[in-house]
1. Only one of Lys217, Lys181 is closer than 22 Å to Leu63 by Cα, touching a Pro at 6+ places or on another chain (Cβ under 6 Å) and either buried (at least 16 other Cβ atoms within 10 Å of the Cβ) or not acidic (Asp, Glu) (or both). Can you tell me which?
2. Given the criteria closer than 14 Å to Asp164 by Cα and more than 17 Å from the chain's Cα centre (by Cα), does Thr269 qualify?
3. Name every residue in region 182-222 that is within 20 Å of Val233 (Cβ to Cβ) and of a type outside the set (A, V, I, L, M), in order of residue number.
4. Evaluate the following for Glu100: is it of a type in the set (Asp, Glu) and under 14 Å from the mean Cα position of the chain (by Cα)?
5. Would you point out the residue of region 69-102, among those that are in a strand (DSSP E or B) and of a type in the set (Asp, Glu), that is nearest to Thr269 (Cα to Cα)?
6. Right, Arg156: charged (D, E, K, R) and assigned to a strand (DSSP E or B) or not?
7. Taking region 54-68 only, how many residues are in contact with a helix residue (DSSP H, G or I) (Cβ under 7 Å, 6 or more places away or on another chain) and either surrounded by 15 or more Cβ atoms within 10 Å (Cβ to Cβ) or part of a strand (DSSP E or B) (or both)?
8. Could you please give the count of residues in region 119-139 that are buried (at least 17 other Cβ atoms within 10 Å of the Cβ) and not small (Gly, Ala, Ser)?
Amino acid sequence: MPNIRLVPRRRALTASLLLCPFLCLPASTARASDVQAAELPASVPKPAADSELTGRDIYKRVLDNRFESYIKTSTLMSGDRGGNTQDTRLRMWFQSLRREDGSPGDRNVLSKTLVKYLDPFDIRHTGYLVIHNSDRDSDQFIYLASQRRVRRVNLRGETVFGSDFSLEDILPRELEHATYKRLDDTDVHGVPCFLVEAVPTEIDDSDYSRFWVYVEKERYVPLRTRYWDSLEVEVKLLEVERAAIEQVKDVWIPMRSTMRNVLQDTFTTLVVDDIVPDPVFKRTDFELRRLESH
């Protein structure tokens, strides 16, 4: 196992509804001024043009493109230039706990994520529980099947077994845990993209000093992400196969992506094998004891 440091969606208003009172008037009384009065009230915001979007706006749309809850099973296939390979399978349970207005839920909790290894056999059932908070560090726990016990830990730098992904890379992010700056628009393989620089905040306790996200303008799916460490050395590159982006209900999901370790010349391809959208969880599904029983 990798080293672990222990610590004690939506809206529609048709023009016909707006114009209805005026269409019902006799023709002689319908004046141009009446029709003008039927325009959308000034209080209804118009969608922001691309040029008006801030980095935070863009990244929020990235994070909005996900289910409020889901169960996802993935396979990570790792390799290096020597031809060595390693497959790892895991399952993730995710639940957003935000209120309808987007504010944090009870106790300022934003979301909960539970991850369990399915393969290889020697780490099967080992799992993690991460509770993302808005006002304090995340609560992080690990269940080691070999020891049959749950411990509170610091998962910073924790890698997914045998892969180039860290746990931080696969866990759903929260908007509050970084600051955002919009850089010049660009493209990825000819596809127009927004470019956003995200700098994790102290509360996120990230292993990265910053990362650049190349966001497809059409569907707000990141096609590429570049990562820098605390020494400002670029360490990783994540690329999504655009042909493998699938729509599940109204969410666009990258079903295949590859993380490359720039320094070690290794790579891992992550494939989403299955996703269950919007399952209904009970509060107890994310209790510590569930780490042992999932």
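The values are calculated or read from the model by the stated rules, or taken from the named source; none is laboratory data. These numbers come from a predicted model, not from an experiment. Ideal geometry is used to build each Cβ from the backbone, glycine not excepted, and the neighbour counts take in all protein chains shown.
1. Within the list Lys217, Lys181, the selection yields Lys217.
2. Considered against the rule, which asks whether it is closer than 14 Å to Asp164 by Cα and more than 17 Å from the chain's Cα centre (by Cα), Thr269 comes out as yes.
3. Glu197, Pro200, Asp204, Asp205, Ser206, Asp207, Tyr208, Ser209, Arg210, Phe211, Trp212, Tyr214
4. So Glu100 fails the test.
5. Asp87
6. Criteria not met by Arg156.
7. 2
8. 9
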